[in-house]
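The values are calculated or read from the model by the stated rules, or taken from the named source; none is laboratory data. Nothing here was measured: the structure is a model prediction, and the numbers come from that model. Cβ sites come from the backbone with ideal geometry, for glycine too, and all protein chains shown count toward neighbours.
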Amino acid sequence: MNLDSGFIYFNLAYATALVIFLILFYFEIEIIFLTNFIIIISATLLFVKILNWYFIDRNLGRASKNERQKKNLFRLFYCILTYITPFYCIIQQPVLVVSYYISAVTLTIAVLLAIVTIIIEKFLKTIECNKKNLNSY
């Protein structure tokens, strides 16, 4: 099993945990294990993803400055929307001074954005792999 397929399974577990947490949050059921699982897997996936990008960039060589800036900007948005925003919403939810409805809507938006960015990142990675395979012929 290569690293990319491992990311797929862990991202799937992360997205599933976020959806389950959102459903339980809507019904006002709090499961500490699920909260801790999301926090730990989010931090771990973020760390491993950044290390993976570092080693990929180091092995690929030199790209144009504009291309590197675009990739780094996409990576920043990916990390913020996928791992940091849901993590932040879950951690800050108990101490926020807002209504329960606002908290639920904010968490729903954060979870949807995380799932959408995971799908977009996988789609872009597939396109990039196909482009590399075409260039190698």
Original post:
Considering 105, 97, which residue is farther than 15 Å from residue 11 by Cβ and not in a helix (DSSP H, G or I)?
Top reply: 97
Original post:
Identify, please: which residue in the range 9-28 is under 18 Å from residue 103 (Cα atoms) and surrounded by fewer than 12 Cβ atoms within 10 Å (Cβ to Cβ) and is, among those, modelled with the lowest pLDDT?
Top reply: 28
**OP:** Could you tell me whether any residue of the range 44-51 is over 18 Å from residue 7 (Cα atoms), without any contact (Cβ under 8 Å) to a residue 40 or more places away in the chain and not basic (Lys, Arg)?
**Re:** no
Original post:
Which residues, counting only those in the range 29-38, are touching a residue at least 24 places away in the same chain (Cβ under 8 Å) and either exposed (fewer than 14 other Cβ atoms within 10 Å of the Cβ) or more than 17 Å from residue 113 (Cα to Cα) (or both)?
Top reply: 35
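Residues checked against (1) at pLDDT 90 or above; (2) among the polar types (S, T, N, Q); (3) within 20 Å of residue 129 (Cβ to Cβ); (4) within 20 Å of the chain's Cα centre (by Cα):
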{"position": "31", "(1), (2), (3), (4)": "yes, no, no, no"}
{"position": "42", "(1), (2), (3), (4)": "yes, yes, no, yes"}
{"position": "55", "(1), (2), (3), (4)": "no, no, yes, yes"}
{"position": "63", "(1), (2), (3), (4)": "no, no, yes, no"}
{"position": "72", "(1), (2), (3), (4)": "no, yes, yes, yes"}
{"position": "78", "(1), (2), (3), (4)": "yes, no, yes, yes"}
{"position": "97", "(1), (2), (3), (4)": "no, no, no, no"}
{"position": "108", "(1), (2), (3), (4)": "yes, yes, no, yes"}
**OP:** Consider residue 74 carefully, then state whether it is among the aromatic types (Phe, Trp, Tyr) and farther than 21 Å from residue 17 by Cβ.
**Re:** yes
